[in-house]
Amino acid sequence: MSDAPPTYFVMQSALVRDQARVRLVTELLTPTWLTGAKVSEEVPSPMEYEIRRGYPGAVQPFYDFAYPLMREDLVQALRDSGVDNLEVYPAVIVDRNSDARHTNYKAVNIVGVVAAVDAAGSEPSGMSDSEMIDASFDSLAIDAKRAGGLLLFRLAESVNAVIAHARVKEFVTPRVPGIEFLEPSEWSG
């Protein structure tokens, strides 16, 4: 086992448990943007999301669900770090608890999925028999060679994992509070 620092991390909101507070209101034909494919339909502008009643609290910089949402400072930090595989659309979050409108968000499709799991170093959770799209892990290891130096992508084996290169982590961490970069061995999903 190497003592070298990890090259890749799992990027997520520091408040990942609060993701269910926000949902997409705008109707789209595409069932999800988690596939890594480019968006092929016309996207309404702005896309409207809502913070559901009964779920008050601060808004987050990143909501990763079927139609991901990022605050503009996160989008800019990702771009400034060199990430060039984002499709970005205007978005607004309406807080149904206060009627506040948060217009500093973008709906974001991360284009690209990579099968980059290091099977020997990963520990499947046994919760899924799947090996692609929705595989589950108690501990994950990323094969940096298979990731090919990409800066940001979805993991083909488990598309709910957004994988970020160390360069992205180093750039985003001081600029966007509320984003976590977990070592893959610490991530389960």
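Couple of notes before you dig in:
- Here the calculated FRET efficiency for Arg101 and Glu183, from their Cβ-Cβ distance with R0 = 45 Å, stands at 0.75, rounded to the nearest 0.05.
- Nearby lysines by direct alpha-carbon distance to Lys169 (threshold 19 angstrom, same-chain neighbours under 8 apart not counted): Lys145
No lab work stands behind these numbers, since they all come straight from the coordinates. None of the values given here were measured: they were computed from a predicted structure. Reconstructed Cβ throughout: ideal geometry from the backbone, glycine too, with neighbour counts over all protein chains shown.
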